[in-house]
Structure formats: structure tokens, C-alpha cells
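Participant: Take a look at this one; I'll ask things after.
The values are calculated or read from the model by the stated rules, or taken from the named source; none is laboratory data. Only a predicted model underlies this, so the values are computations on that prediction, with no experimental measurement involved. Here the Cβ is made from the backbone with ideal geometry for all residues, glycine too, and neighbour counts use every protein chain on show.
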Amino acid sequence: MDERNPIENKESLDIIIGNNIIKERTLRNMSREDLADIMDLTVAHLGLIERGKRGVVAHTFYKLGRTFGVPLETFFEISSEINLEEHFVGDKQLGDNRKKIMSMLTNLSEAEIEFTVDFLKGLHKMKKNDNKDNDSQPQKE
């Protein structure tokens with residue numbers, strides 16, 4: 001085995017590809033449903049691909065590359081780190097907290113990411129409801 005290449009078998013490669021699909025999707029704030037819709041796949045099938053339980057055919061690779069605007073090599077990268085600057089080119093407002101959150105997400109499992117997204121959606125909904133309540137109250141003079 002080549003020491004520079006930790007891929008030992010097809011299953012390992014499928015896991016690496018799946019993790020990179022999750023990374024690219026997450027960086028774009030896309031849900032699994034959103035990507036499955038674009039890719040013309042079922043959510044269940046995309047979930048299997050992302051978990052490394054199903055391989056990816058050439059046509060799907062092509063569509064993934066086009067959808068994310070990345071070269072196909074992106075899906076074979078072994079690094080677990082996200083280069084935020086590369087993905088947010090031109091975003092001068094990218095703050096430290098946002099970088100920290102994105103960095104933390106790379107270390108979570110898919111289930112933990114889904115839980116986190118649901119939690120954040122709940123917070124967002126509460127915030128919107130608070131704003132509505134404040135807007136509907138009469139202003140004091």
C-alpha cells in the first residue's frame with residue numbers, strides 16, 4: 001500500500017466521497033432534500049451515498065461537480081478540514097464566530113449536524129416570533 005494514500009478499499013473511498021459531498025452541501029447551507037432534488041435522487045439514496053453505503057456513478061459525479069461548482073477531485077480529498085476562505089471568496093464579513101461554527105460542523109456526524117440544524121431552525125423561529133410580538137405591541141411615547 002502507498003503510505004501517501006490511506007484508501008485501502010472501495011468502502012473507504014465511498015466514505016471519503018460521502019463525507020466530501022456532505023461538506024460541500026453543508027458549506028452551501030443545502031439540506032439533503034435540496035441536493036437530492038437537484039440531483040434527481042431520492043433523499044434515502046443520497047443519504048446512503050453520503051454515508052458511504054453506495055458508490056457514485058460517473059453521471060452523478062458530473063452533476064455534483066456542476067451543482068457545487070467544484071472540480072471532481074474535490075470529492076476524493078482526504079483532508080477533514082474545510083478551507084473556509086476558498087468557499088467564501090469575496091465574503092469580507094465572514095466573522096470569527098461563523099468560522100468557529102463551520103469548523104465545529106466538520107467534526108460532527110451527519111445525525112449531529114441534522115440535530116444542530118433543527119435546533120438552529122427552532123431558535124430562528126423563536127426569534128421571528130419574538131420580533132412579531134414586539135412589532136405588534138403599541139409603542140410607548
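Participant: Filter the stretch 60-79 down to the residues that are more than 12 Å from residue 17 (Cα to Cα) and not in a helix (DSSP H, G or I) and list them by number.
Facilitator: 69, 70, 71
Participant: Next question, about the same structure. Taking the residues in the stretch 20-39 that are buried (at least 17 other Cβ atoms within 10 Å of the Cβ) and not aliphatic (A, V, I, L, M) as candidates, determine which candidate is farthest from residue 120 (Cα to Cα).
Facilitator: 20
Participant: List the pairs whose first member sits in the stretch 27-53 and is modelled with pLDDT of 90 or more, whose second member is in a loop (DSSP other than H, G, I, E, B) and exposed (fewer than 14 other Cβ atoms within 10 Å of the Cβ), and whose Cβ atoms are under 7 Å apart, counting only residues at least 6 apart or on separate chains?
Facilitator: 36/42
Residue by residue, here is whether (1) modelled with pLDDT of 80 or more; (2) among the β-branched types (Val, Ile, Thr); (3) surrounded by fewer than 10 Cβ atoms within 10 Å (Cβ to Cβ) holds:
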| position | (1), (2), (3) |
| --- | --- |
| 58 | yes, no, yes |
| 62 | yes, no, no |
| 72 | yes, no, no |
| 82 | no, yes, no |
| 86 | no, no, yes |
| 104 | no, no, no |
| 116 | yes, yes, no |
| 128 | no, no, no |
| 141 | no, no, yes |
